[in-house]
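Undergrad: What follows is a single structure, and I will ask about it in a moment.
What follows draws every value from the coordinates through simple rules; no lab data is involved. All figures in this text were calculated on a predicted structure; none of them were measured in a lab. Here Cβ is always computed from backbone atoms with ideal geometry, including for glycine, and neighbour counts include all displayed protein chains.
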Amino acid sequence: MSEIKNIGVFTSGGDAPGMNAAIRAVVRTALYHDLQVTGIRRGYEGMINGEYEPMNRKSVSNIIQRGGTILKSARSEEFKTPEGRKLAYYQLKKHKVDALVAIGGDGTFTGARLLGEEYGIPVIGLPGTIDNDLIGTDYTIGYDTAINTVINAVDKIRDTAESHDRLFIVEVMGRDSGLIALRTGVASGAEVVLIPESSEDLPALLHRLEHGRKDKSSRIVMVAEGDREGGAFEIGNIVKEKFPQIDTRVSILGHIQRGGKPTCMDRVLASQVGFAAVEALKAGRKGEMAGIINGEITFTPFDQACKKNSHKLDANMVKLVEILSL
Ligand code: ATP
């Protein structure tokens, strides 16, 4: 058993719906165990600059349903340097924080691993990113809300696509991963999904438009922002040039995908892993991310959790999109 007395909690990297539910779970579980909790604002930036505030039961009242993060998030170049991490360590000592819960994505965990290795501070990570691109959890906090935001938006786009017999190319988030595009493509009945993991999807789209059914009144093509052939505008220009007879429009969903009330699934996931993180720190665990795989709480070392994963992308889903939109 460890001698932890004061747990620091912070959110870092891109914000994700459900981060507040995770903060709430960490704070309430720590207080349940008579531990102190310190909120660190603006991620590693605030950790270095001394933005610390004690948290109590009331600090996390009425936030489980709110998107964004009450602790705010930031990206910190300074923390990437050994000097920056040294400053962070001094601040943690000054505020008597002796363990951390880091809520973020792979960059956040890389920083957390270094801080743990260099200064021996126990850190447990929570997967807070809409990208679902971490190993060691079936889903990340924010992913379910983001994909539901996308399908709600695409449903609306389809109304206008159908009314005007248009083809819409819809760009969704995913710099390195097509997970959001593929899942929402299946759920919105997309014609083709273009993702960074595939180089065959653009030829497949062009082939479909050339040889496929001509009686379709509306068509949706989902594109991940990091697609190899470019984003939705580039794809749109290629389609417009080759098929001037098709009324083609582009829609970039952008930041609306990060916002909004977290879904039930994200709130429950965040609550479960937030609780597990505090229990884990109390039990002496460190340097790991708490996730859920097949309904079981699972701990994965930070360096494993951060590995770029294409394993979550189910190739059968690409085929599914194609067949179901024939
Ligand atoms: P998202 O998946 O939403 O982008 P993320 O946690 O991956 O979340 P990043 O911006 O990559 O977001 O990382 C968050 C912060 O973690 C960075 O601003 C930086 O302070 C820290 N960080 C990232 N990479 C490193 C690194 N190699 N060494 C030390 N700290 C790092």
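Undergrad: Quote the FRET efficiency, to the nearest 0.05, computed for Ile323 versus Arg75 with a Förster distance R0 of 45 Å and r equal to the Cβ-Cβ distance.
TA: 0.65
Undergrad: If you fit an axis through the alpha-carbon atoms of helix 106-119 and take the longest principal axis of the Cα set of the chain, what angle between them do you get, 0 to 90°, nearest 10?
TA: 20
Undergrad: Turning to a different aspect of this structure: Once you have the Cα-Cα distance between Lys96 and Lys308, take 0.36 nm times their residue separation minus that, and quote the gain in nm to one decimal.
TA: Fully extending the segment from Lys96 to Lys308 adds 72.8 nm.
Undergrad: A further question on this structure: Tell me, what HN-Hα J-couplings in whole Hz come from the Karplus equation 6.51 cos²θ - 1.76 cosθ + 1.60 at θ = phi - 60° for each residue of the range 98-105, using x for Gly and Pro?
TA: With coefficients 6.51, -1.76 and 1.60, one gets 10, 7, 9, 10, 9, 10, x, x Hz.
Undergrad: Quick one: go through the range 240-261 and flag any residue whose amide nitrogen is under 15 Å from the point 7 Å out along the Cα-to-Cβ line of Asp159.
TA: Label zone hits: none.
Undergrad: Filter the cross-link list Lys261/Lys307; Lys242/Lys307; Lys86/Lys308; Lys58/Lys261 down to pairs whose alpha-carbon distance in this structure exceeds 31 Å.
TA: Where the Cα-Cα span goes over 31 Å, the pairs concerned are Lys242/Lys307.
Undergrad: Averaging over all projection directions, find the projected area of the Cα convex hull of the chain and quote it in nm² with one decimal place.
TA: 16.5
Undergrad: Hey, another quick one. Pick from Phe302, Phe109, Phe243: which residue has the top mean-square fluctuation in a GNM of the chain where Cα pairs under 10 Å get a spring?
TA: Phe243
Undergrad: Calculate log10 I(q)/I(0) of the range 1-85 for q = 0.21 Å⁻¹, where I(q) comes from the Debye formula with a single equal point scatterer on each Cα and nothing for solvent.
TA: -0.97
Undergrad: When you count, for each residue, the other Cβ atoms within 10 Å and take the mean per peptide, how do 34-46, 62-74 rank with the highest first?
TA: The packing order, highest mean first, is 34-46, 62-74.
Undergrad: Here is a follow-up. Measure nothing fancy, just the Cα-based angle from helix 143-163's long axis to the longest principal axis of the chain, in degrees from 0 to 90, nearest 10.
TA: Taking Cα atoms only, the helix is inclined about 20 degrees.
Undergrad: Pop out the ³J(HN,Hα) list for the range 127-132 in order, Karplus 6.51 cos²θ - 1.76 cosθ + 1.60 with θ = phi - 60°, rounded to Hz; leave Gly and Pro as x.
TA: Taking θ as phi minus 60°, the curve returns x, x, 7, 6, 6, 6 Hz for the range 127-132.
Undergrad: Hey, another quick one. Can you list residues whose amide H is under 5 Å from Ala102's amide H, if they're 5+ apart or on another chain and H is modeled 1.01 Å from N?
TA: Here the answer is Ile124, Gly125, Leu126, since their amide H atoms fall under 5 Å of that of Ala102.
Undergrad: Continuing with this model, one more query. When DSSP beta bridges are limited to those with both residues in the range 1-160, what percentage is antiparallel, rounded to the nearest 5?
TA: Of the beta bridges lying entirely in the range 1-160, close to 20 percent run antiparallel.
Undergrad: Give me, ordered by chain and number, the residues 5 or more places off Ile63 or on other chains with an amide H under 5 Å from its own placed amide H.
TA: Counting only residues 5 or more places away or on other chains, the set is empty.
Undergrad: Taking a label point 7 Å from the Cα of Leu87 along the Cα→Cβ vector, which residues of the range 34-49 have an amide N closer than 11 Å to it?
TA: Answer for this model: 45-49.
Undergrad: In whole angstrom, note down how far apart the Cα centers of the range 227-283 and the range 39-118 are.
TA: Between the Cα centres of the range 227-283 and the range 39-118 lies a distance of 25 Å.
Undergrad: Please work out the FRET efficiency for the pair Ile252 and Glu200, using the Cβ-Cβ distance as r and a Förster radius of 22 Å; give the result to the nearest 0.05. Before the final figure, lay out each step's value.
TA: Details: r = 23 Å, r/R0 = 1.06.
Calculated value: 0.40.
Undergrad: Can you order the peptides 286-292, 27-33 by their average number of other Cβ atoms within 10 Å per residue, highest first?
TA: 286-292, 27-33
Undergrad: A follow-up question, please. Whose amide H sits under 5 Å from the amide H of Gly174, counting only residues 5 or more places off or on another chain, with H placed in the peptide plane?
TA: For Gly174, the qualifying residues are Glu225, Gly226.
Undergrad: Would you mind checking Lys96/Lys286; Lys214/Lys312; Lys94/Lys286 for any pair whose Cα atoms are more than 26 angstrom apart?
TA: Lys214/Lys312
Undergrad: Considering every Cα-Cα pair within the range 123-185, what fraction, in whole percent, is farther apart than 18 Å? Don't jump to the answer; show the numbers that get you there.
TA: Working: 829 of 1953 pairs.
Value for the range 123-185 (Cα pairs over 18 Å): 42 percent.
Undergrad: Here's a follow-up. Order of 231-237, 277-283, 152-158 by packing, highest average Cβ count within 10 Å first?
TA: 277-283, 231-237, 152-158
Undergrad: Using the Cα atoms as the points, what is the convex hull volume per residue of the range 146-258 in Å³?
TA: 84
Undergrad: Per residue of the range 178-189, what does 6.51 cos²θ - 1.76 cosθ + 1.60 with θ = phi - 60° give for ³J(HN,Hα)? Whole Hz please, x for Gly and Pro, Karplus curve as stated.
TA: With the stated coefficients, the range 178-189 comes to x, 4, 5, 4, 5, 5, 6, x, 4, 6, 9, x Hz.
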